[in-house]
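Some notes on the structure that comes next.
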Amino acid sequence: MTQRMRLLLLLFVGIQFVTLARAENYPYRSDVLWVTVPDKADWLYQTGEKAKVEIQFYKYGIPRDVEVSYELGYDMLPAHDKGKLVLKNGRGVIALGTMKEPGFLDCRLTAVADGKTYKHHVKVGFSPEKLKPYTQLPADFTEFWKKAKEELDQYPLTFTMKKVEKYSSDEVNCYLVKLYVNNKKQAVYGYLTMPVKPGKYPVVICPPGAGIKTIKEPMKRIYYAQNGLIRLEMEIHGLNPEMSEDDFTEVSRAFNGAENGYLTNNLDDKDNYYMKRVYLACVRAVDFLTSLPEWDGKNVIAQGGSQGGALALVTAGLDERVTACVANHPALSDMAGYLWGTGGYPHFNRMRNMLTPEKVKTLAYYDVVNFARFVRCNTYLTWGFNDDVCPPTTSYRVYNLIQAPKEALITPINEHWTSDDTEYGHMLWIKKQVK
């Protein structure tokens with residue numbers, strides 16, 4: 001074997017290892033691998049500082065001298081510049097320029113190899129620690145939610161618990177919980193997992209990501225209960241996870257076929273907006289968890305990702321009983337931000353007549369940036385830069401507003417995902433917060 005062949009083989013093996021480790025960015029068994037390397041190791045620059053990024057393109061692990069078309073645009077916004085670059089030995093450098101104001105710049109890449117089109121992108125940040133939200137705090141924000149919680153308190157805590165044998169074991173008990181959230185008999189469901197061993201334990205509320213869905217994998221995070229934590233994984237629509245697929249399909253149709261249409265339901269009316277019931281359901285879930293005789297009487301943790309990350313922060317901002325909060329790339333953050341620049345999920349700028357003055361006024365009472373102002377517990381946030389679902393611009397806006405003790409795990413290459421190791425790390429962080 002020649003020296004050149006050995007080098008190519010080592011390169012191929014190395015790239016395949018990266019491909020497997022980063023499966024969400026570089027799809028498993030893809031013939032092509034993009035590598036993007038900003039000239040700042042943390043992908044962060046100061047405003048006014050010029051950025052460059054090296055582009056690498058491989059097919060079958062072998063560098064390809066393809067022509068790369070690129071567009072430059074601010075985070076989630078249309079391109080303002082474009083160009084082309086021919087790679088040499090599979091590499092080339094693009095000068096991104098700079099930003100005069102804090103934010104993120106997105107370099108969107110396209111290449112054609114052997115008749116097939118491949119796309120990728122990379123975002124770099126400019127002074128993101130200075131980012132501020134467009135969304136302002138309503139003068140009566142605290143009064144609005146104080147009244148809402150008082151109305152919730154008028155309805156007694158009501159729930160059912162049924163042990164689920166197929167998810168229980170010698171060390172963990174699992175229960176299906178139906179938790180009523182108001183006097184209209186509306187309810188949410190959740191799987192409660194707790195250690196079998198008698199004792200007093202911290203409790204963790206885990207709200208769901210976006211979508212109209214039931215709980216599909218209640219055992220995926222069983223390690224919480226195995227590590228001495230009581231955890232409630234909940235849904236928010238009143239969908240029994242034990243319903244048949246046919247029943248679920250019928251219920252889904254009731255939401256008019258729009259996957260996340262509930263996020264626009266009654267958006268003109270802050271008192272009857274769909275998410276008011278959802279936010280109060282999270283408070284009611286804390287009521288439930290703190291009523292359990294197995295609760296240690298001290299520790300209440302809110303944890304979730306995307307919409308679940310938003311709801312974890314909302315719960316922490318609404319309920320002083322929450323003692324720690326973990327949130328991944330929170331959705332529902334600076335949702336009206338598109339009226340100024342970059343906004344957050346669910347990207348109402350893409351929907352017709354969703355950023356009217358009336359709707360924007362309602363959104364301010366439900367936006368995570370305003371709940372972040374009231375978080376008083378230890379908080380841990382995780383987000384990536386390449387995320388186009390919950391963009392880094394809005395994650396920074398949330399994080400910058402939190403005045404409580406806080407930590408961040410920033411993973412620039414991540415799109416809208418977290419690794420299993422990161423998720424397990426959340427549980428380890430939570431254990432360190434236990435009083």
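Tabulated data
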| quantity | calculated |
| --- | --- |
| Hey, GLY61 in contact (Cβ under 8 Å) with a residue 12 or more places away in the chain, small (Gly, Ala, Ser) and surrounded by fewer than 19 Cβ atoms within 10 Å (Cβ to Cβ) or not | yes |
| Residue count for segment 138-150, restricted to those that are in contact (Cβ under 8 Å) with a residue 24 or more places away in the chain and either under 21 Å from MET234 (Cα atoms) or in a helix (DSSP H, G or I) (or both) | 6 |
| Count of segment 282-306 residues which are part of a helix (DSSP H, G or I) and out of contact with any helix residue (DSSP H, G or I) (no Cβ under 9 Å at 6 or more places or on another chain) | 4 |
| Flag if THR117 is surrounded by 15 or more Cβ atoms within 10 Å (Cβ to Cβ), among the polar types (S, T, N, Q), touching a strand residue (DSSP E or B) at 6+ places or on another chain (Cβ under 9 Å) and over 30 Å from LEU363 (Cα atoms) | no |
| Search result, residues across segment 222-239 that are assigned to a loop (DSSP other than H, G, I, E, B), under 19 Å from LYS163 (Cβ atoms) and touching a helix residue (DSSP H, G or I) at 6+ places or on another chain (Cβ under 8 Å) | LEU229 |
| Tally of residues being open to solvent by 40 Å² or more (accessible area, probe 1.4 Å) and under 25 Å from ASP39 (Cα atoms) across segment 376-388 | 1 |
| Residue list for segment 399-410, restricted to those being in a loop (DSSP other than H, G, I, E, B) and surrounded by fewer than 19 Cβ atoms within 10 Å (Cβ to Cβ) | GLN403, ALA404, PRO405 |
| Residue that is touching a residue at least 24 places away in the same chain (Cβ under 8 Å), part of a helix (DSSP H, G or I) and more than 26 Å from HIS120 (Cα to Cα), where the choices are TYR365, TYR424, TYR396 | TYR424 |
| Matching residues in segment 151-163 - criterion: being in contact (Cβ under 8 Å) with a residue 40 or more places away in the chain and in a loop (DSSP other than H, G, I, E, B) | LEU157 |
| Single match in TYR338, TYR380 (criterion: of a type in the set (Phe, Trp, Tyr) and in contact with an Asp or Glu (Cβ under 6 Å, 6 or more places away or on another chain)) | TYR380 |
| Verdict on VAL93 being open to solvent by 50 Å² or more (accessible area, probe 1.4 Å), among the β-branched types (Val, Ile, Thr), more than 20 Å from LYS116 (Cα to Cα) and in contact (Cβ under 8 Å) with a residue 24 or more places away in the chain | yes |
| Filter result (over 13 Å from VAL196 (Cβ atoms) and of a type in the set (Gly, Ala, Ser)) within segment 139-178 | ALA139, ALA148 |
| Pick from segment 279-312, criterion open to solvent by less than 10 Å² (accessible area, probe 1.4 Å) and among the aromatic types (Phe, Trp, Tyr), ranking: nearest to the chain's Cα centre (by Cα) | TYR279 |
| Test: residue in segment 130-146 that is at pLDDT 95 or above, closer than 30 Å to ASN240 by Cβ and in contact with a helix residue (DSSP H, G or I) (Cβ under 8 Å, 6 or more places away or on another chain) | yes |
| Any hit, segment 156-178, residues being under 30 Å from ASN386 (Cβ atoms) and open to solvent by less than 20 Å² (accessible area, probe 1.4 Å) | no |
| Filter result (basic (Lys, Arg) and over 21 Å from TYR134 (Cα atoms)) within segment 380-435 | LYS406, LYS431, LYS432, LYS435 |
| Number of the exception - ASN349 against (1) assigned to a helix (DSSP H, G or I); (2) within 16 Å of ALA331 (Cα to Cα); (3) touching a residue at least 60 places away in the same chain (Cβ under 8 Å) | (3) |
| Residue in segment 167-181 that is under 30 Å from GLU49 (Cβ atoms), of a type in the set (Lys, Arg) and either modelled with pLDDT under 95 or outside any loop (DSSP other than H, G, I, E, B) (or both) present | no |
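Each row is one residue, and each column tells you yes or no for (1) surrounded by 14 or more Cβ atoms within 10 Å (Cβ to Cβ); (2) at positive phi; (3) aromatic (Phe, Trp, Tyr).
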{"residue": "GLN186", "(1), (2), (3)": "no, no, no"}
{"residue": "TYR191", "(1), (2), (3)": "yes, no, yes"}
{"residue": "LYS197", "(1), (2), (3)": "no, no, no"}
{"residue": "PRO202", "(1), (2), (3)": "yes, no, no"}
{"residue": "MET219", "(1), (2), (3)": "yes, no, no"}
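The values are calculated or read from the model by the stated rules, or taken from the named source; none is laboratory data. Everything quoted here is computed from the prediction, not taken from an experiment. When we count neighbours, we look across all protein chains shown, and the Cβ atoms used for this are built from the backbone with ideal geometry, even at glycine. Note: areas computed on protein heavy atoms with side chains; ligands, DNA, RNA excluded. Shrake-Rupley method; radii C 1.70, N 1.55, O 1.52, S 1.80 Å.
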